[in-house]
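S.K.: Sharing a structure below in structure tokens format, with a few things to ask.
The values are calculated or read from the model by the stated rules, or taken from the named source; none is laboratory data. Predicted model only: the values in this text are computed from it and were never measured. Cβ atoms come from the backbone with ideal geometry, glycine included; neighbour counts cover every protein chain shown.
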Amino acid sequence: MEVFDIFLLEAVLNGILLGGLLALLSLGLNLIFGVIDVVWICYAEMIMIGMYAVYALHVQQGWPLLAAMAAGIAIVALLGALMHQFIIRPVLSAEPINQLLVTGGVLFFLQAAATLAFGIEFKNLGVKLPPVAIGEMSFSMPRIIAFVVAVAGVAATYLFLTRTYIGTAIRAISQDREIMPLVGVNPGRIFVVTSALGGSLAGLSACLLVLQYDIHPAIGLSFGPITFLICVLGGLGNMLGGLIAAFIFAQFISVGGFVLAIEWGYVIAFVFFIAVMFWRPQGILGGK
Amino acid sequence: MLEVQGLTKRFGGFTAVSEVSFSLTEGEILGLIGPNGSGKSTTFNLIAGLHAPSAGSVRLKGEEIGGLLPASICHRGIARTFQIPRPFRKLSLVENVALAAFYGQLERPSRAKAHQIAGESLNLVGLPIEESVRVDGLGAAGLKKLELARALATQPKILLADESLGGLDHAEMEQAADMLAMIRRERGITIIWVEHIMGVLMRVVDRLIVLDHGEVIAQGKPAEVAHDPKVIEVYLGTDAADVQKTVADRTA
């Protein structure tokens, strides 16, 4: 009888690597929802724009990869700020369904814009990194990089939110919007900063995903829905809940995919999601 | 230093504040009293910028501030507390107050300076200044103090103190009155104090304004107001004798 299955361990470790990336994906969306109370349905499409930005600057313009990535993060951060200023701000006090439809409109706009600019062919950076072998286990290098950078990104966001005054203001405004101006804070500016921060997290995610996946205009659909499910599973707007949910989800996908078949990993993860929604509709750590 | 002229606020067909006029002299404590729903809190919201006036003007040292955004009014030196304390519950005490110290002035202080101001404000109201103290452990009186500390941290020249909802016992109300008197003494801050229980307030205020249904029905020194027949009729009723006695004790 087999006591220890090395490939099961490999699946668990791969799940942890995937969890770090999913945690980063959910963080930006959760941050924006938690502070501004609007769900950016187009969040994954902003990541797609970031991936194309890195591709265009590195492959087409010949920039060094790291410079292209830094610019990509800045571009999506700016996109986030513009998104708030011109799309969200006018509908801030509108019905939630209207806010949802507006950001849904942006989703289709970004997909169409990317198709016009880059066509529907799959693009990639052409960067090939060798896998890392540990004993009989093998891990993809981009996944390891993605995990390390994602964890660092999450930690940096945490430090920003807890150690700076603007971060404190971001946490405070999610609790009581009306009081903020009375202590001299302009909520509009905090919202723009939050949106830019959410955008920069999308940009960082884009840099990590572009190392692993081909880019095409509909790529948002392959990780957008799962990002939303993770946010809802953890409690929409609850950043800690999102991090926990990301690692749980990743284990279902990775280990489930190993025990049965890759497609089954997602099926099991979604069944788990539905079960949790019956048990705790507000999510694992959701309050409302 | 503050001139309120013909201040009016209508919500649809309902006039919450009607033609209210008064002036505030530097260094005084002005009591603003009236029954529930008489327009006291709305008057505060108009001065602090949470509502835009329907008509009338609010001038701070000659400059019109009516209709400005609350953040600008805060930067000009007017702070407001709420009858029901509204702290940021997920932040520590120090974070609550330091946030106000940092953003409360147009010229942002350094991190260290903001932290120092927060410590001084907490100290003044008698709350702990340790980083780790959370809001959740505070009782009603503690939350009121935190509300005051946060307002003080914005370094106001005028404090709008809304104490109108009781929730405090008699001794705690006395303490609250003493604290406002102390704040004026220590910081030289001019105070408008909203209250609907007249007794305690009479001991501390220099002048009083009485609102009823959004209109000023009386204003003057505590002794004058306590004997005003109109105030006795709509407001004091059978408590008139008690209130008059408080005023008499104070002057004695």
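S.K.: From the list A:LEU182, A:LEU110, A:LEU79, exactly one residue is within 14 Å of chain B (Cβ to nearest Cβ) and buried (at least 18 other Cβ atoms within 10 Å of the Cβ). Which is it? Before you say what the answer is, go through the steps one by one.
M.R.: Values: A:LEU110 fails: within 14 Å of chain B (Cβ to nearest Cβ); A:LEU79 fails: within 14 Å of chain B (Cβ to nearest Cβ).
Result: A:LEU182 is the single residue among A:LEU182, A:LEU110, A:LEU79 that is within 14 Å of chain B (Cβ to nearest Cβ) and buried (at least 18 other Cβ atoms within 10 Å of the Cβ).
S.K.: Please list, ordered by residue number, the helices (runs of 4 or more DSSP H) wholly in segment A:43-132 having 2 or more residues that are free of Cβ contacts under 8 Å to residues at least 40 places away in the same chain. Explain how you work it out, then say what you get.
M.R.: Values: elements: A:43-55, A:65-82, A:96-118.
Here the list reads A:65-82, A:96-118.
S.K.: Would you be able to tell me the number of residues in segment B:46-70 that are within 14 Å of another protein chain (Cβ to nearest Cβ), part of a loop (DSSP other than H, G, I, E, B) and touching a residue at least 40 places away in the same chain (Cβ under 8 Å)? Write out each step before concluding.
M.R.: Quick first cut of segment B:46-70, residues within 14 Å of another protein chain (Cβ to nearest Cβ) only: B:46-52, B:65, B:67-70.
Still in the running and part of a loop (DSSP other than H, G, I, E, B): B:49-52, B:65, B:67-69.
With the extra rule that they be touching a residue at least 40 places away in the same chain (Cβ under 8 Å), the set shrinks to B:51.
Number of matching residues: 1.
S.K.: Oh, and also: Checking the conditions here, which among A:PHE191, A:PHE223 is surrounded by fewer than 21 Cβ atoms within 10 Å (Cβ to Cβ), out of contact with any strand residue (DSSP E or B) (no Cβ under 9 Å at 6 or more places or on another chain) and either at pLDDT below 95 or of a type in the set (Phe, Trp, Tyr) (or both)? Full working, then the answer.
M.R.: Numbers: A:PHE191 fails: surrounded by fewer than 21 Cβ atoms within 10 Å (Cβ to Cβ).
From the options A:PHE191, A:PHE223, the qualifying one is A:PHE223.
S.K.: When you scan segment B:198-217, do you find a residue that is touching an Asp or Glu at 6+ places or on another chain (Cβ under 8 Å), part of a loop (DSSP other than H, G, I, E, B) and either hydroxyl-bearing (Ser, Thr, Tyr) or without any contact (Cβ under 8 Å) to a residue 60 or more places away in the chain (or both), even just one?
M.R.: no
S.K.: Just to be sure I understand, how many residues within segment B:83-111 are in contact with an Asp or Glu (Cβ under 7 Å, 6 or more places away or on another chain), surrounded by 20 or more Cβ atoms within 10 Å (Cβ to Cβ) and within 8 Å of chain A (Cβ to nearest Cβ)?
M.R.: The qualifying residues number 1.
S.K.: So, of the residues in segment A:162-178 that are of a type in the set (Val, Ile, Thr) and buried (at least 20 other Cβ atoms within 10 Å of the Cβ), which turns out to be farthest from the other protein chains (Cβ to nearest Cβ)? It would help to see each step written out before you state the result.
M.R.: As a first pass, look at segment A:162-178 and keep what is of a type in the set (Val, Ile, Thr): A:162, A:164, A:166, A:168, A:170, A:173.
Among the residues that remain, those that are also buried (at least 20 other Cβ atoms within 10 Å of the Cβ) are: A:168, A:170, A:173.
Values: A:THR168: 5, A:ILE170: 11, A:ILE173: 9 Å.
That would be A:ILE170.
S.K.: Okay, next question. May I ask you to list the residues in segment B:112-135 that are within 13 Å of chain A (Cβ to nearest Cβ), part of a helix (DSSP H, G or I) and either over 19 Å from A:VAL185 (Cβ atoms) or in contact with a helix residue (DSSP H, G or I) (Cβ under 7 Å, 6 or more places away or on another chain) (or both)?
M.R.: B:ALA112, B:ALA114, B:HIS115, B:ILE117, B:ALA118, B:SER121, B:VAL135
S.K.: Of the residues that make up segment B:33-40, is at least one over 18 Å from B:ALA151 (Cα atoms) and either within 14 Å of another protein chain (Cβ to nearest Cβ) or not in a loop (DSSP other than H, G, I, E, B) (or both)? Step through it out loud before you land on a result.
M.R.: Filtering segment B:33-40 down to residues over 18 Å from B:ALA151 (Cα atoms) leaves B:33-40.
If we keep only those that are either within 14 Å of another protein chain (Cβ to nearest Cβ) or not in a loop (DSSP other than H, G, I, E, B) (or both) too, we end up with B:33, B:40.
Checked segment B:33-40: at least one residue is over 18 Å from B:ALA151 (Cα atoms) and either within 14 Å of another protein chain (Cβ to nearest Cβ) or not in a loop (DSSP other than H, G, I, E, B) (or both).
S.K.: Here are some conditions: (1) within 14 Å of another protein chain (Cβ to nearest Cβ); (2) not in a loop (DSSP other than H, G, I, E, B). B:PHE22 meets all but one. Which one does it not meet?
M.R.: (1)
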